Amino acid sequence: MKVGVVGLGRVGSSTAFALLMKGFAKELVLVDVDRKKAEGDALDLLHGTPFTRRTNVYAGDFHDLAGSDVVVVSAGVAQKPGETRLQLLDRNVRVIKEIARQVSSFAPDSIVIMVTNPVDVLTYFFLKESGMDKKKVFGSGTTLDTARLRTLIAHHCGFSPRSVHVYVIGEHGDTELVVWSGATIGGVPLKNMCVVCGRCDSSILEKFAEETRTAAYRIIEKKGATHYAIALAVADIVESIFYDEKRVLTLSVYLEDYLGVSDVCLSVPCSLGRQGVERILELQLSEEELEKFKYSASVLKEAISEVSGYQDGAQKDN
C-alpha cells in the first residue's frame, strides 16, 4: 500500500509516525511546502524502520503521489494576528483547493482523507474543486469525537470502550451531537444500563458530551495542539481501508437527501472498505436529535456560503 501525507505540521508528522508503526504502508511519501521539513521527517522515520515492518519513506512533491492508494491531507495555515475567522478559513480553503487540483491531477484514483480543520468545510471544498469520486473523498470527521465519548463512558461504567456503541455526528466542532437514543453497552440500551448501574446522576451523560465537545480546547490550552489521538484515528481509518474491513466509522461525507440534509459534508456512520465509503447508514434519530442534526448542517452550509461569497467578492475587487 502506498500512502501520501500532505502537510507535515504536528498532525501530519504524528500521522506519518502512526502509519509507520501500523506497518501496512510499504511506501510512505511526505509532501510539504517546506521541503526541508519533509526531508527531515522522512529521514527520521526511515531511521526507525529497522524497528518496524519494512517501509520506503521519502520526501516528495505532488507528482510523487502518483499511484497512491490513500492520500492524507493535513496541510493548513495558522491564524495571523488580527485575522478574522472568515479570513483564516478563506486562506485555508485556497490552500486546500490548490492541493485538490494537484492530487486530482497526479493521484485521481486515490482515497483522500481530509484532516485539516475545519474538516467538514474543507472536505466540501476539496471535493468540489477536485471533482473526484464522492465515495473516495471524506474527512476524519467525528471519528475521534466518537472514540473520546466511548472512552469516557467506558471508564465511568467499567467496560471496555470497544463494548460501548454510541455515535457523535454532525459537525466536528461546536454543533456536534450525540445520538443517545441509539447508545448501547454490549447490546443493552445505555438508558437501561444507567438505571441499574447506580453510578450515574441525571446529568452525567450530558457532562460526557460536553467534555467530548471541548476536549480539543482543553488539550490546546495545556500543550498548544492536539495531534497524537487524531493521528491514531487516521491510522485506524487507513487500516480499515487496507484490510477492506467495512467497519462503521463516523466520517465527514458529502450528503444528498440524508434526513433532509443535502449538499454539505458532515459526519454520519459509514461503512468503509478498500473502495472507500461503501454505504452511508441512515440513523433513526429522536425529534430533538434530528433538529440538532439539521442545525449542525445549517451552520456548516452558512460557513461554506460565507467563504464562497468572500472569495467571489475578492475576485471582483481584483
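A few points about this structure:
- Flag if L88 is outside any loop (DSSP other than H, G, I, E, B) and without any contact (Cβ under 8 Å) to a residue 40 or more places away in the chain: yes
- Checking V57 against (1) of a type outside the set (S, T, N, Q); (2) modelled with pLDDT under 95; (3) not in a loop (DSSP other than H, G, I, E, B), the condition it does not meet: (2)
- Residues that are of a type outside the set (D, E, K, R) and touching a helix residue (DSSP H, G or I) at 6+ places or on another chain (Cβ under 8 Å), drawn from segment 30-55: L30, V31, L45, G48, T49, T52, T55
- Within segment 16-35, tally of residues that are outside any strand (DSSP E or B), in contact with a strand residue (DSSP E or B) (Cβ under 9 Å, 6 or more places away or on another chain) and either closer than 18 Å to V77 by Cβ or small (G, A, S) (or both): 4
- Residues within segment 60-77 that are among the hydrophobic types (A, V, I, L, M, F, W, C), farther than 18 Å from V238 by Cβ and assigned to a helix (DSSP H, G or I), tallied: 1
- Within segment 23-51, residues that are assigned by TED's automatic domain parsing to the domain that holds V103 and over 11 Å from L8 (Cα atoms) sit with their Cβ atoms under 7 Å from residues that are in a loop (DSSP other than H, G, I, E, B) and of a type in the set (A, V, I, L, M, F, W, C), at 6+ positions apart or across chains, in these pairs: F24/M1; A25/M1; K26/M1.
- Restricting D64, D44, D32 to residues that are buried (at least 22 other Cβ atoms within 10 Å of the Cβ) and of a type in the set (D, E) narrows the list to D32.
- For segment 287-318, taking the residues that are surrounded by 13 or more Cβ atoms within 10 Å (Cβ to Cβ) and either among the charged types (D, E, K, R) or in a loop (DSSP other than H, G, I, E, B) (or both), the one that is modelled with the lowest pLDDT is identified as E306.
- Given (1) of a type in the set (S, T, Y); (2) under 30 Å from E98 (Cα atoms); (3) modelled with pLDDT of 95 or more, number of the condition Y167 does not satisfy: (2)
- When Y228, Y217 are checked against the criterion of being of a type in the set (S, T, Y) and free of Cβ contacts under 8 Å to residues at least 12 places away in the same chain, Y217 stands alone in meeting it.
- Where a residue in segment 267-278 is in a loop (DSSP other than H, G, I, E, B) and its partner, wherever it lies, is among the charged types (D, E, K, R), with Cβ under 7 Å and at least six apart: R274/D244; Q275/K135
- So T116, is it hydroxyl-bearing (S, T, Y), modelled with pLDDT under 95 and touching a Leu at 6+ places or on another chain (Cβ under 8 Å): yes
The values are calculated or read from the model by the stated rules, or taken from the named source; none is laboratory data. As the structure is a prediction and not an experimental result, all values here were calculated from the model. Cβ coordinates were reconstructed from backbone atoms using ideal geometry, including for glycine residues, and neighbour counts include every protein chain displayed.
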